[in-house]
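For reference, the structure is listed below as structure tokens.
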Amino acid sequence: MKLGLDYMITFENVGMRYDMGAEILQDVSFALDKGSFHFLVGPSGAGKTTLLKLLYLAHRPSRGLVNFFGKDLASLEREELPRLRRRIGVVFQDFRLFDHLTAFENVALPLRIKGASRNQVADHVEELLSWVGLEDRMHAKPATLSGGEKQRVAIARAVINKPDLLVADEPTGNVDPEMSRRLMHLFVELNKIGTTTVVATHDETLVKAIGAPVLSLNKGKLSHREAGTAFDGEAQ
Amino acid sequence: MWGRTLQFLPRSKDREGLLPWVIGVMLFLCALSVASAVAIGTGIERWSRDLASNVTVQIIVSDAAEREEQTNAVLRMLNATPGVESASVLANAEVMALVSPWLGDLPIDANLPIPSLIDVALDGTTPINMAALAERLEATAPGARLDDHQEWLSQILDLASVIQIVLTAVVAMVVLSTIAIVIFGCRAGLATHAEPIAIMHLMGAEDSMICRAFDVRYLIHGIKGGVFGIIFAVLTLWLVSNMAADVGEGLVSSVTPDVSMGYWLLLLPLVAALLTMTTARLTVRNALRDMM
């Protein structure tokens, strides 16, 4: 698979191993176009989390070419990473909220890192927390929030900077079906306004309901499936 | 220097909570060592000055008439010597008081030959060649001995220099130990807060922003510890100088740390805070460089 540079993100023959261990990802190649929506599926241990970590720039690959927003990751200086990371929003499976900060303060962090003024922070955060239905829980700390509320705070924090790429790891894993549907609706809305979105999930019902293209990982190898089609090269 | 400080670290508990106390103890030891070294230096300077402005001439002759004749000759010679402000013979009672610690309070035989002592005050402006003066004294009075206190003073100066070197080494060790403790504390803090730091990095925080959060925290630790240490150090110095004042003028009081001379000690908490903060900054910056 030969990928051009006109995509927002490209992975070409990417391999990943930790230290001297076995390769977790093998020859992974794919491209994400601006404004696209992809699901990432695969059984536990298939390498989904590792691929997501590469997508949100927590690691560099052991081999292969990775291109982010027109920049080759291999030649990127460490000092250039923060600027790129600010263009990526991440929703972690375990939320990773700061327990000593309120919902408002957690969501405000990316804006404050970017250097937004106090007024800008207040306006944007309040607006976004209202959008995710947490206007009454702004000053609550994570310990007092339900799983669904924490997930919505985590999503608000991931999207507050209007990222170019949103990466979500099992965002519906800890919520009931109704909340799961509402959260996915939120991702679709974000995608509609131009945010490239990658959602890792085990929930095939959700994948079918949204009908977006699927990246499927199995034993470190990636296969592609367009919306509504079977996986290429893999039995279903 | 500060830029934007975003305090994302949770309040420190357990291990970091002890750091101000450790810094305080270190500063206390450092302040006492520095104050002692300075006091010894000042005391030595005072002794040297006092002793350099004074010499003693002894007339050691057993025959009383001969002793008196030589004493008068020496007095005449000294009073005519440029650089000598005054020369006076110590009264017999004063000489007896000086030897009483060795001879006790028992009645002394009137025939016991006691040397004459001449106290010579120098004007401090005209330099005097002591070797030449000793030769002239011997020519004037064969029983005259000049004591310019140099032998005793050089021994004291040697001792004082050794003590000052030891105290300087103590200060250096305390400073190095403090740096090591802050580095260990900082590394423990980095390990404890690894998760928030990783999340901040992933949200696009630069190393400088993360460093500043640690800077502020360790600056506060340093100030707390510094203030605590200096309060106890000043109290200790005040107590010691008061006790020394009760002893009276002499060897002890001249080398006792004087709290009034140590206003500069108040700068030590600031130095401790800056040292703590700088050490933390370098430690955190180095550790962050190893992260992606």
Taking the stated definitions as given, is residue A:87 within 12 Å of chain B (Cβ to nearest Cβ) and either among the hydrophobic types (A, V, I, L, M, F, W, C) or touching a Leu at 6+ places or on another chain (Cβ under 8 Å) (or both)? yes
May I ask you to list pairs of residues, at least six apart or on different chains, whose Cβ atoms are under 9 Å apart, with the first in segment B:118-141 being modelled with pLDDT of 90 or more and the second being in a helix (DSSP H, G or I) and loosely packed, with under 14 Cβ neighbours inside 10 Å? none
Of all strands (runs of 3 or more DSSP E) fully inside segment A:10-119, the set with 1 or more residues that are under 18 Å from the mean Cα position of the chain (by Cα) and free of Cβ contacts under 8 Å to residues at least 60 places away in the same chain is A:23-32, A:63-68
Evaluate the following for residue A:154: is it part of a helix (DSSP H, G or I), surrounded by fewer than 21 Cβ atoms within 10 Å (Cβ to Cβ), touching a residue at least 12 places away in the same chain (Cβ under 8 Å) and in the same structural domain as residue A:104 (by TED's automatic domain parsing)? no
Of residues in segment B:273-292 being within 28 Å of the chain's Cα centre (by Cα) and among the polar types (S, T, N, Q), the one surrounded by the fewest Cβ atoms within 10 Å (Cβ to Cβ): B:278
Given the criterion of a type in the set (D, E, K, R), touching a residue at least 12 places away in the same chain (Cβ under 8 Å), surrounded by fewer than 18 Cβ atoms within 10 Å (Cβ to Cβ) and assigned by TED's automatic domain parsing to the domain that holds residue B:36, identify the matching residue among B:217, B:212, B:187. B:187
Selection within segment A:189-209 - surrounded by 13 or more Cβ atoms within 10 Å (Cβ to Cβ) and within 15 Å of residue A:35 (Cβ to Cβ): A:190, A:191, A:195, A:196, A:197, A:198, A:199
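Scan A:178, A:135 and give me the residue that is more than 17 Å from the chain's Cα centre (by Cα), surrounded by fewer than 19 Cβ atoms within 10 Å (Cβ to Cβ), at pLDDT below 95 and in a loop (DSSP other than H, G, I, E, B).
Details: A:178 fails: in a loop (DSSP other than H, G, I, E, B).
Exactly one residue qualifies, and that residue is A:135.
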Unmet requirement for residue B:30, which otherwise passes all of (1) surrounded by 13 or more Cβ atoms within 10 Å (Cβ to Cβ); (2) at pLDDT 85 or above; (3) farther than 30 Å from residue B:212 by Cα: (3)
Residues in segment B:53-93 that are over 36 Å from the mean Cα position of the chain (by Cα) and farther than 18 Å from residue B:133 by Cβ total 12
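Within segment B:6-63, restricting attention to residues that are closer than 30 Å to residue B:182 by Cβ and free of Cβ contacts under 8 Å to residues at least 40 places away in the same chain, which residue is nearest to the other protein chains (Cβ to nearest Cβ)?
The residue in question is B:11.
The values are calculated or read from the model by the stated rules, or taken from the named source; none is laboratory data. Since we're looking at a predicted model, the values are computed, not measured. Note: ideal-geometry Cβ built from the backbone for every residue, glycine included; neighbour counts use all protein chains shown.
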